[in-house]
Amino acid sequence: MDVVIAGGHGKIALRLATQLAGQGHTVVSLVRNPEHVDEVTATGARTVVADLETISIAELAEHLDGADAVVFAAGAGPDSGAQRKDTVDRAGATLLADAAAKAGVRRYLLVSSTGVDADPDPERGEVWAAYIAAKKAAEDAIRADPNLDATILRPGRLTDDPGTGKVLLAPPPVDRDDVTRDDTAAVLAALLEAPGTAGTTLELRGGDQPVTEAVAAQQK
């Protein structure tokens with residue numbers, strides 16, 4: 001399988017690229033910062049410098065040519081302001097969708113966030129509210145796009161603990177809890193092999209079910 005990952009220097013994306021390359025898949029990781037190329041290439045991916053805030057749909061589509069699937073794992077980062085939550089977390093996701101349609105790529109995985117169905121906690125400030133709004137808008141756009149066979153994944157609070165290989169994967173609502181980035185990447189890799197999950201929105205937490213079984217249970 002040929003997979004393109006947007007947000008290739010992110011912690012989940014690095015793990016996903018390593019897993020996919022190790023399984024024999026071809027991976028292209030898109031990064032914004034040229035200084036990250038060496039680190040991303042070390043995962044086994046081919047790294048392309050492409051800024052989702054400035055690249056055109058046509059140019060991005062060229063990087064997706066021949067791909068079987070795309071994964072949106074990009075994010076503006078914890079130190080960014082409210083404006084970049086929209087330009088990256090929402091607009092970047094829809095730009096990737098438009099480019100995928102132009103390139104003829106239907107399979108799309110969107111890494112979203114838990115909590116987008118509820119009003120954001122005002123005590124967490126305007127940047128958090130903008131983040132939740134951007135993720136919700138991205139979900140709505142991807143879910144409604146007739147050109148995509150999309151799966152939306154909502155991880156809980158992410159940790160850098162070692163993965164367990166066991167998760168809780170289910171449609172919302174699901175109680176809030178943690179999940180490791182290792183296990184999140186493993187679920188994404190399994191979802192790429194599970195086209196029957198297209199059209200679903202899935203919450204992800206740490207749990208007791210092996211990843212392959214958890215993903216298989218969500219196939220239509």
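The values are calculated or read from the model by the stated rules, or taken from the named source; none is laboratory data. Remember, it's a predicted structure, so these values are computed and weren't measured experimentally. So basically every Cβ, Gly included, is an ideal-geometry build from the backbone, and we count neighbours across all protein chains shown.
Of all the criteria given as (1) over 30 Å from Pro195 (Cβ atoms); (2) modelled with pLDDT under 95; (3) buried (at least 16 other Cβ atoms within 10 Å of the Cβ), the one not satisfied by Gly81 is (3). Taking the criterion of being under 16 Å from Thr151 (Cβ atoms) and part of a helix (DSSP H, G or I), would at least one residue in the stretch 71-89 satisfy it? Among the residues of the stretch 71-89, not one is under 16 Å from Thr151 (Cβ atoms) and part of a helix (DSSP H, G or I), which makes the answer no. Checking the stated criteria, Asp183 turns out not to satisfy the condition of being surrounded by fewer than 21 Cβ atoms within 10 Å (Cβ to Cβ), touching a strand residue (DSSP E or B) at 6+ places or on another chain (Cβ under 8 Å) and either at pLDDT 95 or above or not basic (Lys, Arg) (or both). Just checking, does the stretch 46-53 include any residue being surrounded by fewer than 20 Cβ atoms within 10 Å (Cβ to Cβ), of a type outside the set (Val, Ile, Thr) and in a strand (DSSP E or B)? Yes, the stretch 46-53 contains a residue that is surrounded by fewer than 20 Cβ atoms within 10 Å (Cβ to Cβ), of a type outside the set (Val, Ile, Thr) and in a strand (DSSP E or B). Just so you know, in the stretch 101-126 the residues that are assigned to a loop (DSSP other than H, G, I, E, B) and modelled with pLDDT of 95 or more include one that is nearest to Asp177 (Cα to Cα), and it is Thr114. Put simply, of Asp160, Asp140, Asp89 the only residue that is surrounded by fewer than 16 Cβ atoms within 10 Å (Cβ to Cβ), within 22 Å of Lys11 (Cβ to Cβ), charged (D, E, K, R) and modelled with pLDDT of 95 or more is Asp160. The C-beta contact set for the stretch 1-17 (first residue more than 8 Å from Ser29 (Cα to Cα), second residue part of a loop (DSSP other than H, G, I, E, B) and hydroxyl-bearing (Ser, Thr, Tyr), distance under 7 angstrom, 6+ apart or interchain) comprises Leu14/Thr43.
Given the criterion part of a helix (DSSP H, G or I), of a type in the set (Gly, Ala, Ser), touching an Asp or Glu at 6+ places or on another chain (Cβ under 6 Å) and surrounded by 17 or more Cβ atoms within 10 Å (Cβ to Cβ), identify the matching residue among Ala134, Ala190, Ala130.
Ala134
When the residues of the stretch 193-203 are filtered to those that are without any contact (Cβ under 8 Å) to a residue 60 or more places away in the chain and of a type in the set (A, V, I, L, M), the one that is surrounded by the fewest Cβ atoms within 10 Å (Cβ to Cβ) is Ala194. For the structure I just gave you, tell me whether Gly165 is closer than 17 Å to Glu203 by Cα and crowded, with 18+ Cβ neighbours inside 10 Å. No: the conditions fail for Gly165.
If you go through the stretch 50-68 one residue at a time, do you hit one that is of a type in the set (D, E, K, R) and touching a residue at least 60 places away in the same chain (Cβ under 8 Å)?
The answer is yes, given that some residue of the stretch 50-68 is of a type in the set (D, E, K, R) and touching a residue at least 60 places away in the same chain (Cβ under 8 Å).
Restricting attention to the stretch 137-180, the residues being free of Cβ contacts under 8 Å to residues at least 60 places away in the same chain, in a loop (DSSP other than H, G, I, E, B) and not hydroxyl-bearing (Ser, Thr, Tyr) number 14. Annotation note: of Ala97, Ala170, the sole residue that is among the aliphatic types (A, V, I, L, M), surrounded by 22 or more Cβ atoms within 10 Å (Cβ to Cβ) and either in contact with a strand residue (DSSP E or B) (Cβ under 8 Å, 6 or more places away or on another chain) or modelled with pLDDT under 95 (or both) is Ala97.
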